[in-house]
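Below is one structure, written out as structure tokens; comments come after it.
The values are calculated or read from the model by the stated rules, or taken from the named source; none is laboratory data. All of these numbers come straight from a predicted model, not from anything done at the bench. Here the Cβ is made from the backbone with ideal geometry for all residues, glycine too, and neighbour counts use every protein chain on show. Just so you know, the surface numbers come from the protein's heavy atoms only, side chains and all, with ligands and any DNA or RNA stripped out. Shrake-Rupley method; radii C 1.70, N 1.55, O 1.52, S 1.80 Å.
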Amino acid sequence: MTETTDDQSKKIPLQKGTEDAKASDGAAPLLRVRGLVRHFPITKGLLKRQAGAVQAVDGIDFDVRPGETLGVVGESGCGKSTMGRLITRLDEPTGGTIEFQGRDITHLSPGRLRPMRRDVQMIFQDPYGSLNPRHTIGGIVSTPFRLQGVEPEGGLKKEVQRLLELVGLSPEHYNRYPHEFSGGQRQRIGIARALALKPKLVVADEPVSALDVSIQAQVVNLMDDLQEELGLTYVIIAHDLSVIRHVSDRIAVMYLGKIVELSDRKALYESPMHPYTKALLSAVPVPDPKRRTQRDRILLKGDVPSPINPPSGCRFRTRCWKATEVCTTTEPPLVALRTGHQVACHHPENAGDRPAAAPAEPGEGAATGE
Ligand SMILES: Nc1ncnc2c1ncn2[C@@H]1O[C@H](COP(=O)(O)OP(=O)(O)OP(=O)(O)O)[C@@H](O)[C@H]1O
Ligand code: SF4
Ligand SMILES: [Mg+2]
């Protein structure tokens, strides 16, 4: 069972127009996250005394608008997966609030979360580990129906076969097992399972990073097509900007448990304001050879500090070439310095002579009176 490995460039979807992003600007957010915190306690000794905490997610604010794709990027360990597990309520926050369709779901019990599980689904990074090897494809894709007690019109098998076709597999794969499939096909199975109950929000945690580069674009394209066809809203997590640059309407950049920049895609690529974003972008290959010399590669010094004991003030200061005294003493708040462009930095890039704005109403860029 092989998968076609066409030239990636042909498969990359067209960049989304800013019209798409704007279509839902005024609508109430599908997901509203405020002050989200997840600290994992570190215990010591026989009495399991708490000796500290891993500050995996440490106070983040954002909205996800209906129909959009929000990309979330950042280096390994910055809290992306933890954030994904919190907003899908696979994990429970230690602080802050999560509202889904206007309803507070922050601390709902498993029983009361059950109806929401239909509407919010997750696609995982590892397309093999996330599929039970002892179950057939039919069994795997029909699990959500069984868990929710849903009987599709026309019968379960027919609906599962329709889903397999929808993600580019054959209905005849119904009785096969995960090991018979390639990585890309397995990720398609994961996508079919996530879409089974027609969710509203899909959180995809590094959905293609375990796949061969030539397959990555196919799976990203599939997700993009399905979004249009089914009216899905996506949060797509990636560790660099190359995978999500084409499909995101807006992008949140995370560093050590914080969002440091949040902006629509075009503004982020054309004039990044946070030094960390600038460094991340400098590592993304420029496809046009004529422009290749324009972006100087910024090599960040040092490693990401430990989330157990993050630096004071700005968490990026130990690696930032622009750091000054104020960066050590004062944490920069995430503020809208332009319409819809929020950044947490005392000395932002591409800021011109604009004065710093007051902290924004998250996700809205409201400080600029949008
Ligand atoms: N269950 C847990 N218990 C303790 N620490 C955890 C737990 N889950 C995550 N962490 C820690 O929280 C921090 C954030 O982890 P997370 O997996 O969210 O990062 P990530 O951005 O998804 O990284 P990657 O790109 O490697 O997937 C890391 O320091 C990690 O070790
Ligand atoms: S606040 Fe200071 S240390 Fe942090 S990113 Fe901005 S300039 Fe760098
Ligand atoms: Mg992760």
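Table for the structure above
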{"item": "Residues located in segment 300-355, provided they are within 8 Å of ligand 2 (Cβ to nearest atom), within 25 Å of the chain's Cα centre (by Cα) and of a type in the set (Lys, Arg)", "result": "Arg315, Arg317"}
{"item": "Members of segment 67-91 found to be farther than 16 Å from His39 by Cα and either free of Cβ contacts under 8 Å to residues at least 40 places away in the same chain or open to solvent by 30 Å² or more (accessible area, probe 1.4 Å) (or both), listed by number", "result": "Gly67, Glu75, Ser76"}
{"item": "Count of residues meeting criterion [touching a Leu at 6+ places or on another chain (Cβ under 9 Å) and either within 16 Å of ligand 1 (Cβ to nearest atom) or in a loop (DSSP other than H, G, I, E, B) (or both)] in segment 310-320", "result": "5"}
{"item": "Conditions (1) within 13 Å of ligand 3 (Cβ to nearest atom); (2) open to solvent by 20 Å² or more (accessible area, probe 1.4 Å); number of the one not met by Gln101", "result": "(1)"}
{"item": "Cβ pairs under 7 Å, 6+ apart, first in segment 92-116 and in a strand (DSSP E or B), second surrounded by 14 or more Cβ atoms within 10 Å (Cβ to Cβ) and basic (Lys, Arg)", "result": "Gly96/Arg34; Thr97/Arg34; Glu99/Arg32"}
{"item": "Pair list, Cβ < 6 Å and 6+ apart or interchain, from segment 136-148 residues that are within 11 Å of Ala192 (Cα to Cα) to residues that are open to solvent by less than 30 Å² (accessible area, probe 1.4 Å) and in a helix (DSSP H, G or I)", "result": "Ile137/His173; Ile137/Ile189; Gly138/Val160; Val141/Val160; Val141/Leu163; Val141/Ala192; Ser142/Val160"}
{"item": "From Pro355, Pro307, Pro332, residue being at pLDDT below 95 and in a loop (DSSP other than H, G, I, E, B)", "result": "Pro355"}
{"item": "Boolean, Ser182 is more than 21 Å from Val202 (Cα to Cα), free of Cβ contacts under 8 Å to residues at least 40 places away in the same chain and of a type in the set (S, T, N, Q)", "result": "no"}
{"item": "Candidates Ser209, Ser242, Ser263, Ser271, filtered to the one that is more than 24 Å from Pro333 (Cα to Cα), touching a residue at least 60 places away in the same chain (Cβ under 8 Å) and small (Gly, Ala, Ser)", "result": "Ser209"}
{"item": "Residue within segment 147-166 that is surrounded by 12 or more Cβ atoms within 10 Å (Cβ to Cβ), within 21 Å of Thr82 (Cα to Cα), touching a helix residue (DSSP H, G or I) at 6+ places or on another chain (Cβ under 8 Å) and not β-branched (Val, Ile, Thr) present", "result": "no"}
{"item": "Identity of the residue in segment 61-104, of a type in the set (A, V, I, L, M) and under 15 Å from Lys200 (Cα atoms), that ends up nearest to ligand 2 (Cβ to nearest atom)", "result": "Leu70"}
{"item": "Matching residues in segment 248-273 - criterion: being of a type in the set (A, V, I, L, M) and surrounded by 21 or more Cβ atoms within 10 Å (Cβ to Cβ)", "result": "Ile251, Ala252, Val253, Met254, Leu256, Ile259, Val260, Leu262, Leu268, Met273"}
{"item": "Residue list for segment 126-148, restricted to those being among the small types (Gly, Ala, Ser) and at pLDDT 90 or above", "result": "Gly138, Gly139, Ser142"}
{"item": "Of the criteria (1) in a helix (DSSP H, G or I); (2) more than 18 Å from Leu232 (Cα to Cα); (3) open to solvent by less than 70 Å² (accessible area, probe 1.4 Å), which one Glu172 fails", "result": "(3)"}
{"item": "Qualifying positions in segment 117-133 - open to solvent by less than 50 Å² (accessible area, probe 1.4 Å), away from ligand 1 (no atom under 16 Å from the Cβ) and in a loop (DSSP other than H, G, I, E, B)", "result": "Leu131"}
{"item": "Yes/no for Gln187 being within 21 Å of the chain's Cα centre (by Cα), open to solvent by less than 40 Å² (accessible area, probe 1.4 Å) and polar (S, T, N, Q)", "result": "yes"}
{"item": "Filter pass, Ser142 being assigned to a helix (DSSP H, G or I), surrounded by 18 or more Cβ atoms within 10 Å (Cβ to Cβ), polar (S, T, N, Q) and touching a helix residue (DSSP H, G or I) at 6+ places or on another chain (Cβ under 7 Å)", "result": "yes"}
